[in-house]
Each structure stands twice: as C-alpha cells, then as structure tokens.
C-alpha cells in the first residue's frame, strides 16, 4: 500500500508540475513574459475549480492561465486523494476500524478546509 500511495503522490506532483510548466512556457511564448496574476479572494477551492471547468467546457477562455489553474488544482487535490485512498485501504483491505476512523477524520478536515475562503 505504501508503494501505491507513493506512486499516487509522485504521479500527482509530476502531472501538476508538467501542467504548471507548460502553462508558464505557453504564456512566455504568447506574451514574451510570464505574468500570471490571480485574484481569488472570496473564492473557495471548488468555486475556483468549477469556474475553470466552466471556462474549459464553454471554450470561452482556453489559454495558459487555464492550464496553470488546473495544475494548481491537481497539486491541491493530490494529498486529498491520498487520504481518501488511505481511508479505503484501512476500511476495506486492512479492516482496521481505528485507523479508518482516524483517517476519515483527516479526510473530513481536509474537505472542510477546501470549502473555506
């Protein structure tokens, strides 16, 4: 299980790094400089993610900024997915109720923190 979780974290970090790097390179090639400014105050993670999903699906704003945003979202979701995988492992494979409940508590705290502004 440790190897699976390690590869999950590694894949998430590598994929998000590639997305961030590609978005920054795209912005550099398109504008001559990398200037990605953000104003996300008053927005929680899900509002941030869903606004970008809406832009992607509508095709209205496809560009380097969107690629960087998805890289950031993936980087933020990587440890969250790791905790959810651990909950499933402790509950279904190990059948260890104590560790499953502790890990579930951590997952609930992480979920709550994603809804904060």
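None of the figures in this text is laboratory data; all of them are computed from the coordinates on show. What you see is a predicted model; the values in this text were computed from it and never measured. We place every Cβ from the backbone using ideal geometry, glycine too, and count neighbours over all the protein chains shown.
Does region 75-98 hold any residues that are farther than 30 Å from residue 19 by Cα and surrounded by 15 or more Cβ atoms within 10 Å (Cβ to Cβ), and which are they? 90, 91, listed by residue number. When region 12-43 is filtered for residues that are surrounded by fewer than 13 Cβ atoms within 10 Å (Cβ to Cβ) and over 19 Å from residue 62 (Cα atoms), the ones remaining, listed by number, are 14, 41, 42.
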